[in-house]
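Everything below concerns the one structure shown next.
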Amino acid sequence: MKLVLLYLIGLIFGVGIAISGMANPAKVLNFFDVAGTWDPSLAFVMGGAVVVTFVGYRIVFRHSAPRFASSFQLPTRRDLDVPLLGGSALFGIGWGIAGFCPGGALPALGTGQMDVVVFVAALIAGIVVAKMLGKIGRRAAS
């Protein structure tokens with residue numbers, strides 16, 4: 001049942017991304033082009049997502065634990081460090097250059113377009129490199 005629920009949640013997310021236009025890099029790049037062909041429609045998509053998330057968290061956290069786990073897995077760190085800020089900057093730069101973020105690129109893989117495949121391959125390579133650099137950094141620190 002847990003696997004079915006996870007599949008349905010992913011499917012709803014992917015369909016929402018596709019319907020909203022977030023899987024279309026041209027629409028995303030036009031959103032960022034405030035001095036040119038600016039398309040503000042994605043601001044409404046993001047605003048709607050924030051409202052749904054706000055309400056959803058209020059409902060979910062009324063329970064003592066999630067349905068399929070013994071406790072909620074919430075982050076405990078609150079500090080801003082170089083990896084967080086650097087990763088955020090790289091995410092934004094990559095999104096602005098390619099027009100894709102991971103949430104929009106994964107559903108767009110279904111289109112079979114080569115630019116999406118290249119982006120996802122670069123995303124996976126970046127994750128692998130970041131993990132390797134993290135291990136190297138932890139070894140150097142100890």
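What follows draws every value from the coordinates through simple rules; no lab data is involved. Just so it is clear, the model here is predicted, and its values are computed rather than measured. Heads up, the Cβs are rebuilt from the backbone with ideal geometry, glycines too, and the neighbour counts pull from every protein chain shown.
Okay, here's what the table says:
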{"read-out": "The chain: most fluctuating residue of 83, 102, 75 per GNM, C-alpha cutoff 10 Å", "value": "75"}
{"read-out": "About the Cα centre, charge dipole magnitude for the chain (Lys/Arg +1, Asp/Glu -1 at Cβ), debye", "value": "760"}
{"read-out": "Under the span-like rule (Cα at least 15 Å along the axis, Kyte-Doolittle mean at least 0.0), DSSP H helices of the chain", "value": "2-20, 41-60, 82-98, 114-141"}
{"read-out": "Among 33, 79, 115, residue whose mean-square fluctuation peaks in a GNM of the chain (springs only between Cα atoms under 10 Å)", "value": "79"}
{"read-out": "Residue with peak Gaussian network fluctuation, the chain [Cα springs, cutoff 10 Å], from 50, 15, 120", "value": "50"}
{"read-out": "Restricting region 40-89 to chymotrypsin sites (Phe, Trp or Tyr not before Pro) in coil, as DSSP defines it, with at most 14 other Cβ within 10 Å", "value": "61, 68, 72"}
{"read-out": "Computed [θ] at 222 nm, helices only, for the chain once each DSSP H run of length n ≥ 4 contributes -39500 (n - 2.57)", "value": "-23000 deg cm²/dmol"}
{"read-out": "Computed over the chain: relative contact order in percent, which uses C-alpha pairs under 8 Å that are six or more apart", "value": "29"}
{"read-out": "Cα centroid of region 66-142 to Cα centroid of region 10-33, whole Å", "value": "18"}
